[in-house]
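K.L.:
Can you read through this structure? Questions will come right after.
Rule-based calculations on the coordinates, nothing more; no lab input. Quick caveat, the model's predicted, so the values are computed rather than measured. All Cβ positions, glycine included, derive from the backbone under ideal geometry; neighbour counts span all protein chains shown.
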Amino acid sequence: MKKIVAITLSSLFLVACGTDIEITTDDAETETPVSVETPTVDETPVSVETPTAGETPVSVETPTIDETFSTETPSLTQISGVWDLTTTPKTDEPVEEEDTIATPYLLISEAGTYSTYVYIEWSESHKANVGTPNCYFHDDQAIQDLGNGSFGTINAQDQSISTSYKIEQGQLVDGDFSYEKTSLQEADLIPLCDEYFD
């Protein structure tokens, strides 16, 4: 006898959801349930490892000058910074005149800036009479890296002067003079005295 199997829409839904159902036939003589098993999906979790940013820090080294660094042939990068020109030996002590103090600095940048700044701390009498705040006089020049520790500086008259620098224990050495590097940045060298004097 031909058996007709009837599967309702709800039964299909149960099968799709992974539920075992019993399907019966019209033959009353045969009550044997037919079990329809749906394939199961392996539920074992799969661990996918992705690189985590920052797990392996990459060290990017930039040229710095510290108290232990020395070289006979520094590059322009290595001599860049703001240097205190009153340092070893102290032949260029700050000038004191009627309590006015002048402290010179040298700014060298990787972009080729070579500028001298003189910080003026005015006397109390000057401040009282003129009212000018402490400020920087400055003179801008340019510097070019000629290689092997030699540099050419160009002044406002386009005159080029060749000089050699060394770095000894973190200090800028120019002949018999040594200058200490400061923590100042170019943006710190304000206000300029040009704002108050013609």
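K.L.:
Between residue 150 and residue 69, what is the spin-label point distance in nm, taking each point 7 Å from the Cα along the Cα→C-beta axis?
P.N.:
2.4 nm
K.L.:
Under unit Cβ charges (Lys, Arg +1; Asp, Glu -1), what dipole magnitude, rounded to 20 debye, does the range 81-195 have relative to its Cα centre?
P.N.:
For the range 81-195, the charge dipole is close to 320 debye.
K.L.:
Right, next: May I ask you to compute the full-extension gain from residue 184 to residue 121, defined as 0.36 nm times their residue separation minus their alpha-carbon distance, rounded to one decimal in nm?
P.N.:
Taking residue 184 through residue 121 to full extension adds about 21.0 nm, to one decimal.
K.L.:
Also: Provide 130, 118, 82 in ascending order of the number of other Cβ atoms located within 10 Å of each residue's Cβ, fewest first.
P.N.:
Listing 130, 118, 82 from fewest to most nearby Cβ atoms yields 130, 118, 82.
K.L.:
Can you list which of the chymotrypsin sites (Phe, Trp or Tyr not before Pro) found in the range 145-198 are DSSP loop residues with at most 12 other C-beta atoms within 10 Å?
P.N.:
Qualifying residues, ordered by number: 196, 197.
K.L.:
Please compute, for the alpha-carbon atoms of the range 81-195, the extent along each of the three principal axes and give them in descending order in Å.
P.N.:
51, 29, 24
K.L.:
Under a point spin-label approximation (7 Å from Cα along Cα-to-Cβ), what is the residue 109-residue 174 distance to one decimal in nm?
P.N.:
1.8 nm
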